[in-house]
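Note sheet for the following structure.
The values are calculated or read from the model by the stated rules, or taken from the named source; none is laboratory data. Remember, it's a predicted structure, so these values are computed and weren't measured experimentally. Cβ placement follows ideal geometry from the backbone for every residue including glycine, while neighbour counts extend to all protein chains displayed. Heavy atoms of the whole protein, side chains included, go into the accessibility calculation; ligands, DNA and RNA do not. Shrake-Rupley method; radii C 1.70, N 1.55, O 1.52, S 1.80 Å.
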Amino acid sequence: MTLPTPEVTPLNEAYWAGLAAGELRFQHCPHCGHRWLPARRECPACLREGAGWEKAAGTGQVISWVVYHTAYHDAFRDRLPYNVAIVELDEGPRLITNILAPHDSIAAGMRVRLEVQSDFGVSLPRFAPAGTP
Amino acid sequence: MMRGKFVIAGVGHTAFGTLPGRSTVSLNVEACRRALEDAGIEKQAVDGVFVKTPTSAREILYGQTLSEALGLQPRIGIALDQGGAANMSGVAFACLAIEAGMCEVALVCYADNPRSGSRATYARPRGDDAAFGWFSTAAGYAMIHRRHVAEHGTPEAAFGAVAVAARRHGAANPHAQLRKPLTLDGYLATPPLVAPLRRDDCALISDGAAALVVMSARRARELGVKAAVPILGMGQAHTSWEVTQRPCLTSTRAKDAARDAFAMAGLAPADIQVAQIYDCFTITVLMTLEDYGFCPPGQAEGFVREGRIEHGGDLPINTAGGLLSETGMPGLQLVIEAVRQVRGTATLQVPGVRHALVSNQGGTMHTHATLILGG
Ligand SMILES: [Zn+2]
């Protein structure tokens, strides 16, 4: 069962192209310096256009996480139980992701680092505990 | 001065549970008819219709579709889209319209039929993150629940105490959809759905409708309304960030909605004898108790585990069972129970109610509205 695939649009194609090249990118505003994800046309801080893309260092921390014991989509039925987490990058932007660690080892504030994984042909930004090789 | 200037003149609701073959418009009409009967007025007096859009089936011009079915040509007619808070912000917008002289008598109502219709809205992918498995309304609340536990050490028994109280109160309510009581051991024994959430942390899925008649206290006297309940305070405020982007997950703008409502009413949390607190998930009750000032941040767990929120405690909440037991319909039934408590006609009546508070919220704690009623 293939995963539901993200919709690639002119607005976010640089994000997905970055992941395909193994890097995680976020948007930054040349006018006010604000940084964010997911992709927007206007800066949510100063409302101006012209955002650029910046490469993330790939390190951050877990804000919160949940573990699904029920599947809301057939693609996840044989992955149960699986986790979904909110990670805050050290640069500030936050994103939804999966943590590559046993569920009972995940904790709020846990340091993590980026691990781009190809899943059914889509490169997804996932995170592993920062201390692991 | 808005305090006491407007009243809830009548309340009405349909049966709650599984109501196959009923459209949301039909359910709304039944609830409105009952609310008008309760107020003792004719529909011709109504010139404002404020309806919350059905959660499970969006349609355009819903307010006009409903007004057509009600046989009304209102001066103000609108469908509100704020999730659960829209029920009580509808009351506030009705009062503002009446204050401005743009209508005199308003129906505020809501209906939905996800139980016999489609539940897809509760299982939908969140944003464009379906590839990570990020689905469902419940999971958003589970993220907040988990963070509250991480920051405050909130024990599982605190969430259980909220569910147990709701189910105890619902068991006494002949109209409640789920009347089977729950014990703390029973709560703890149920498997996780989206951990840390268990099934008993989650609102029911319900068909049904509820409606209120809102007017000025003066108009209620003119029309001979017998049991009008004054509105003492109202507030709303919104946490617009999606859960992923929200800088703080464990406090919301419910705090500001409550502050404004208490200020309008000239009251403080200690003046409230009974509260109806939106319990779509148990975490919402704990955070609302904290954000409203009934207890300090992180202290709701002790408050609920001491039984203070049960009938007989010093702040009984959701005395008809709430969304966990009476009906999963978002919010108006909580206002109706507050009206019954002020009138002295509730099944689990709290003695000596002078001030009853209601909290509504919607989305994933995005929207917040507060109402304080009293004699
Ligand atoms: Zn900017």
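Summary table
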{"quantity": "Failed criterion for A:W53 (all others in (1) over 30 Å from B:H152 (Cβ atoms); (2) in a loop (DSSP other than H, G, I, E, B); (3) open to solvent by 20 Å² or more (accessible area, probe 1.4 Å); (4) within 16 Å of the ligand (Cβ to nearest atom) hold)", "calculated": "(2)"}
{"quantity": "Residues satisfying the stated conditions in the stretch A:15-31, i.e. open to solvent by 30 Å² or more (accessible area, probe 1.4 Å), away from every other protein chain (no Cβ under 13 Å) and either outside any loop (DSSP other than H, G, I, E, B) or over 26 Å from A:D90 (Cβ atoms) (or both)", "calculated": "A:A17, A:A20, A:R25, A:H28"}
{"quantity": "Filter result (open to solvent by less than 10 Å² (accessible area, probe 1.4 Å) and part of a loop (DSSP other than H, G, I, E, B)) within the stretch B:195-227", "calculated": "B:S206"}
{"quantity": "Helices (runs of 4 or more DSSP H) wholly inside the stretch B:267-375 that include at least 1 residues being under 30 Å from B:G127 (Cα atoms) and either out of contact with any His (no Cβ under 6 Å at 6 or more places or on another chain) or open to solvent by 30 Å² or more (accessible area, probe 1.4 Å) (or both)", "calculated": "B:282-291, B:322-325, B:332-343"}
{"quantity": "Selection within the stretch B:81-131 - under 30 Å from A:I86 (Cβ atoms), open to solvent by less than 10 Å² (accessible area, probe 1.4 Å), in a helix (DSSP H, G or I) and not polar (S, T, N, Q)", "calculated": "B:A86, B:M88, B:A131"}
{"quantity": "Qualifying residues in the stretch A:67-86 (those that are more than 7 Å from chain B (Cβ to nearest Cβ) and in contact with a His (Cβ under 7 Å, 6 or more places away or on another chain)) - the one nearest to A:L124 (Cα to Cα)", "calculated": "A:N83"}
{"quantity": "Conditions (1) in contact (Cβ under 8 Å) with a residue 24 or more places away in the chain; (2) more than 17 Å from B:Q82 (Cβ to Cβ); (3) open to solvent by less than 50 Å² (accessible area, probe 1.4 Å); number of the one not met by B:G235", "calculated": "(2)"}
{"quantity": "Complete set of residues in the stretch A:95-122 that are more than 10 Å from every other protein chain (Cβ to nearest Cβ), within 13 Å of the chain's Cα centre (by Cα) and closer than 17 Å to A:P4 by Cα", "calculated": "A:Q117"}
{"quantity": "Lone qualifier among A:R41, A:R48, A:R126, A:R79 - being in contact (Cβ under 8 Å) with a residue 24 or more places away in the chain and open to solvent by 50 Å² or more (accessible area, probe 1.4 Å)", "calculated": "A:R41"}
{"quantity": "Selection status of A:R35, within 14 Å of the ligand (Cβ to nearest atom), without any contact (Cβ under 8 Å) to a residue 60 or more places away in the chain and among the charged types (D, E, K, R)", "calculated": "yes"}
{"quantity": "Test set (1) within 29 Å of B:A138 (Cα to Cα); (2) at pLDDT 95 or above - A:T2 fails condition number", "calculated": "(2)"}
{"quantity": "Subset of the stretch B:139-167 [β-branched (V, I, T) and more than 9 Å from chain A (Cβ to nearest Cβ)]", "calculated": "B:T154, B:V162, B:V164"}
{"quantity": "Subset of the stretch B:36-60 [modelled with pLDDT under 95, farther than 18 Å from B:S89 by Cα and not small (G, A, S)]", "calculated": "B:R58, B:E59, B:I60"}
{"quantity": "Residue in the stretch B:187-199 that is among the β-branched types (V, I, T), more than 14 Å from every other protein chain (Cβ to nearest Cβ) and farther than 23 Å from B:T345 by Cβ present", "calculated": "no"}
{"quantity": "Residues being touching a residue at least 40 places away in the same chain (Cβ under 8 Å) and under 22 Å from B:R33 (Cα atoms) - total across the stretch B:70-83", "calculated": "1"}
{"quantity": "Residues of the stretch A:12-32 classified as within 16 Å of the ligand (Cβ to nearest atom) and touching a residue at least 24 places away in the same chain (Cβ under 8 Å), total", "calculated": "3"}
{"quantity": "Residues of the stretch B:183-194 satisfying the condition of being out of contact with any Gly (no Cβ under 8 Å at 6 or more places or on another chain), open to solvent by 10 Å² or more (accessible area, probe 1.4 Å) and not charged (D, E, K, R)", "calculated": "B:T183, B:G186, B:A189, B:T190, B:P191, B:P192, B:L193"}
